Amino acid sequence: MRARASMIFVAMLAIAVAVPAAGQECQYVGVLDPCRVELQILNVGENGIVNAISLDQEEAAGQEPYGFAFATVPDFAASYSFVAQGGLLRIVDIWKSEPVKSIDLASELDLPSLTLTRLHAPEPVDFNIVRYPLYATGTQEGEPWLWILDQEKLLGKPVGWSSALLASVPLSAGYEDSSGIGIDVAVGGTTVLGGIQEAYVSALHWVDGSYGLQIYRVVVYSDYSVSVDLDPWNDEGVPFSGSAILTNGLDFDGGGTMPFGVFQTTGVVKDLSSGADACTLPGDPNDVTVWGPAPEEMDHSHFLFVTSSSPEGVGRLLGYPAGQCPDGTPASLEISYAGHPRALASSSDTSISPWIYVADREGKILAVQVAIWATVDGDRVDPIEVLEIPVSGGCPWEVAIQEPFSCLEVKPDPNPVPLDCDGEDADDPRCRPTHVDP
């Protein structure tokens, strides 16, 4: 197999929605941009932006969007998503031009002085009945917090908003003064401790006049109770001095059992369950996505893809086997470019040719398709294609990729609102009859 790499530059286009062919697989990418105050939607593996949803409405004035997750509830998963924007949770249909709903969590759920930073919508879990949780982190009255919400209640029309909040807990283990902010959250599967779901949450605490990074282990039980612990190896233990203060990313592998997290100041990515790390990475690593478990014929079971930035404006996408280093061997990858990457996501945890998407603060989206494969000489990671998508006047910050699904599974909007294509909805992509290729 021979890898080919190409760099394709394209203008940002807001184009009409394609009508998929029968049997075609659909998968979308969402990129959140606080400078343009919008959510950009892309097709995985394509080089144009197919829709842009404005988040700059009056009710959100002065609040920047930083967290994003696709919904996982059947009937909604094909086109609905969530955006964290200050104290608001925005409900977005990715083919409309504006959010369909804005929920002021502080007032609706009695969560005072709340600011959201990151979201994660995992697989459903059995809370005695099946629930579709939405994990959120940020601050509440100046302290880092984690909230677990019910997606179905948020997407539907609940009688009482209080039922949308399944659990909430401060992230303050070991600290009397727990001022700070929750930065990222990743959710895995069941735990050996008896919980029905395990999560890790990164937080910056203000300690002795400077910020310090801690990554908390959270276990959720079927009665909605939550335990929070700070393992000794998940306290970075030094004042934070990275170049991307609100990006210290986390991820689980595809099996939901292996959690990894970025420690930016010390420049390592750790196995959060054991504290094991491989080596100090170049620049300031700030986000990670985990590929694996790998097929049995491969030498390595998991690979890490990590974004790294620096004050000098050197951006890097690194790929290497878990427990090793990006050391120039065939099993590692390093792509350097001018920029400040802030987040990344993978189109698949197990496909041998996943797309890796990077949101870069310097007004671009980087998409790299890689081949991860076994040879007689050992494992290889090779770039197949590289796309760089400029976003004029933007600063992409967060990126998430939808689970793939058959385009035929798309169902009617569960809460349809008639479109006025001759009036206020004239700019809605669904009012445009044909698809325009970029």
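The values are calculated or read from the model by the stated rules, or taken from the named source; none is laboratory data. Because the structure is predicted, anything quoted here is derived from the model rather than measured. Here the Cβ positions follow ideal geometry from the backbone for every residue, glycine too, while neighbour counts run over all protein chains shown. Areas reflect the complete protein model, heavy atoms only, side chains present, ligands, DNA and RNA absent. Shrake-Rupley method; radii C 1.70, N 1.55, O 1.52, S 1.80 Å.
Structural remarks
- Hits in the stretch 295-335 - residues which are out of contact with any Pro (no Cβ under 9 Å at 6 or more places or on another chain) and buried (at least 23 other Cβ atoms within 10 Å of the Cβ): P321
- From the list R118, R90, the lone residue that is modelled with pLDDT of 95 or more and either touching an Asp or Glu at 6+ places or on another chain (Cβ under 7 Å) or of a type in the set (F, W, Y) (or both) is R118.
- Residues in the stretch 314-333 that are in contact with a strand residue (DSSP E or B) (Cβ under 6 Å, 6 or more places away or on another chain) and small (G, A, S): G315, G319, A322, A331, S332.
- Among the criteria (1) open to solvent by 50 Å² or more (accessible area, probe 1.4 Å); (2) among the charged types (D, E, K, R); (3) at pLDDT 95 or above; (4) closer than 18 Å to V50 by Cβ, the one R432 does not fulfil is (3).
- Cβ pairs under 6 Å, 6+ apart, first in the stretch 196-214 and closer than 14 Å to T137 by Cα and free of Cβ contacts under 8 Å to residues at least 60 places away in the same chain, second of a type in the set (D, E) and surrounded by fewer than 24 Cβ atoms within 10 Å (Cβ to Cβ): Q214/D235
- Residue list for the stretch 242-284, filter: crowded, with 24+ Cβ neighbours inside 10 Å, more than 24 Å from P311 (Cα to Cα) and at pLDDT below 95: none
- Strands (runs of 3 or more DSSP E) wholly inside the stretch 136-246 containing at least 1 residues that are within 29 Å of I103 (Cα to Cα): 143-150, 165-170, 180-187, 197-207, 210-220, 226-229
- Boolean, A345 is among the small types (G, A, S), over 30 Å from G363 (Cβ atoms) and in contact (Cβ under 8 Å) with a residue 24 or more places away in the chain: no
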